[in-house]
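Data first, discussion second: the structure below is written as structure tokens.
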Amino acid sequence: MDLDNYFPTVDDTATWLEEKVSIKPTVAVVLSGGLDPFVDDIDDRVEISYKDIPNFPSPKAEGHAGKLIFGKYEGKDLVVMQGRFHYYEGHAPHVIVFPYFVLAKLGVKYLLTTNAVGGVNKNFKPGDVMMVTDHINSMGMNPLRGIAVQRKTEQFTSLTNAYDAELQKLSRTVSAKIGLEVKEGVYAATPGPSYETKAEVAALRDMGADAVGMSTVPSVIAANFLNMRVLTYSCIANPAADLHSGKMTHKEVLDAMNALAPKVVRLLQEVVKELK
Ligand code: HPA
């Protein structure tokens, strides 16, 4: 995808989708691998593989299906991203965030995202859910590089409310209502695909991180540029490197995500219901 022609390409892809699907989503839910059961309760589903969508790249990570699913939940139009694009797959930064530009063009106002993380906070354990209150971008890149300059005004995106304070409040009300304990903390993003060293995790902890992962931050930066309101849940899949005994594996992460799915899916459903 041509960076110089970014916005026209976004428009073309959005138009293609609008011609195919009558659902007009205002809410987008990005599912981390393992959280697929969220899709089961969506009505009137229209599923489109990323590989069939003009200008969309293909995800390569194991456990990520790679489709957009349009439908309704409790009468509300939404779109689900099942699988997403990661920096560690080799995609250029502007390619990773392309879908969010398309979703904004389709009318999406709320971005609910989920991810798998290593627990950096010593009080967190695998199986915990953490609502993200802020992030530390340790990826060494910014996905708006080369994109934001194409907009004549407001090239410099504010991230002071990156994770929307009102949505965090709503989430606290919802989790109290359903009796689910949800931790809160700061998400640090590293580029991957290697997990962190023990020293890196200790440094991230000193910087204020509570969890570490390899996704989410590019999408949240793009969403803020696009004036979407963001709510993010991190699933603590493993203790981060310096709290981990032995070798870290992707299988451990996938197993933990499958086990966590019921409570995260419930939380997402209850939040979607409450969105205006
Ligand atoms: N580090 C980075 N990304 C991750 C981890 C981790 O420990 N667990 C799941 N995704």
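The values are calculated or read from the model by the stated rules, or taken from the named source; none is laboratory data. Note that this is a predicted model, so its numbers are computed, not measured. Cβ placement follows ideal geometry from the backbone for every residue including glycine, while neighbour counts extend to all protein chains displayed. Quick note on the areas: whole protein, heavy atoms, side chains included, nothing else; ligands and nucleic acids left out. Shrake-Rupley method; radii C 1.70, N 1.55, O 1.52, S 1.80 Å.
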Shape category assigned to region 152-231 from the gyration tensor of Cα positions, a/c cut at 1.5: oblate
Ordering of 14-21, 91-98 by packing [mean C-beta count within 10 Å, highest first]: 91-98, 14-21
The chain: equivalent-ellipsoid semi-axes (sqrt of 5 x gyration tensor eigenvalues, Cα, Å): 27, 22, 18
Local electrostatic count at ALA176 - Lys and Arg +1, Asp and Glu -1, tallied over other residues with Cβ under 12 Å: +1
Gained length - LYS198 relative to ASP41, 0.36 nm times residue gap less alpha-carbon distance: 52.5 nm
Counting DSSP beta bridges with both ends in the chain, the antiparallel % (nearest 5): 35 percent
Partner lysines for LYS251 [C-alpha distance under 18 Å; skip if fewer than 8 residues away on the same chain]: LYS60, LYS125
Probe 1.4 Å, all protein chains present, accessible-area order of SER245, SER175, largest first: SER245, SER175
Mean ellipticity per residue at 222 nm, deg cm²/dmol - from DSSP H runs of n ≥ 4 across the chain, formula -39500 (n - 2.57): -9500 deg cm²/dmol
Beta bridges per DSSP with both ends in region 25-170, % antiparallel, nearest 5: 55 percent
Accessible area expressed per residue, region 3-274, with surrounding protein chains retained (probe 1.4 Å, Å²): 42 Å²
Accessible-area ranking of SER171, SER194, largest first, probe 1.4 Å: SER194, SER171
Extension gain, ASP52 back to GLU274 (0.36 nm per residue minus Cα-Cα distance, nm): 76.7 nm
Coil-residue chymotrypsin sites (Phe, Trp or Tyr not before Pro) of region 142-226, DSSP, other Cβ within 10 Å capped at 15: PHE156
